[in-house]
1. Around residue 153, what is the net charge, scoring Lys/Arg as +1 and Asp/Glu as -1 over all other residues with Cβ under 10 Å from its Cβ?
2. Full-extension gain between residue 63 and residue 100, please, as 0.36 nm times their residue separation minus the C-alpha to C-alpha distance.
3. To the nearest 0.05, how large is the calculated FRET efficiency for residue 152 and residue 77 if R₀ is 30 Å and r is the Cβ-Cβ distance?
Amino acid sequence: MANLSLTALASFFGGHDEDLMVRVKETGDPHAFATLLGRWEEPIRRLCIRMTGDAHRGDDMKQETFARLFAKRASYQPTGKFSTYLWRIALNICHDELRRVHRRHELFAPVEPEDGADAFAEFTAQEPTPDLIAARAEEGEIVRQALLRLPEIYQTVLVLRHYQHLKLAEIAETLEIPLGTVNSRMAEALARMTRLLEPEFGPAGDHRSNKSREVLVL
């Protein structure tokens, strides 16, 4: 009996994402949805912030992503990974927001340092000085602004690969494009980023330019 209880508890509080989403679809299970929210709200928040460069919009779009996920739960088909399904919802919301902002010529609010701190983890000393912290924050803002200047198709593959750490095959599945297209877009995206960053970090081969590319791919 105890074993059955433990099994029931494990099923109630855990389970694969796909199984949880099926429960949300079929019964509107609030506990299953809360579990998915707890697992995925921070990755989705980071994605939205990276795509827009705006922490406040990122938070809003994260909430919209999960609101849309629940609202459209009846249309969910468990034929692939739940993560792929969720990434698509979030990206569609991000793309819609970017187009709206560009049409209205609005400006994005700078990302607070803590939102971009992960981009500089490799370079963080045990006790960084205030000057070093300021320099890294400035460097990170330069990279973020360059990323926002990329066309949508190139920005998306860079964010998914270098900030969300998706494999190339996962990016292809999420965007519903061939793997070869992902590779070509990635190469073009990095080439464009290099050209955008050269005025700040120097030409290819320069120490500062190399460092800028290291920051991007962390």
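Values in this text are rule-based calculations from the coordinates and carry no lab data. Predicted model only: the values in this text are computed from it and were never measured. Don't worry about glycine lacking a Cβ; one is built from the backbone with ideal geometry, like all the others, and counts go over all protein chains shown.
1. -1
2. Values: separation 37, 0.36 × 37 = 13.32 nm, distance 1.79 nm.
My answer for the length gained is 11.5 nm.
3. Details: r = 26 Å, r/R0 = 0.86.
For residue 152 and residue 77, the calculated efficiency is 0.70.
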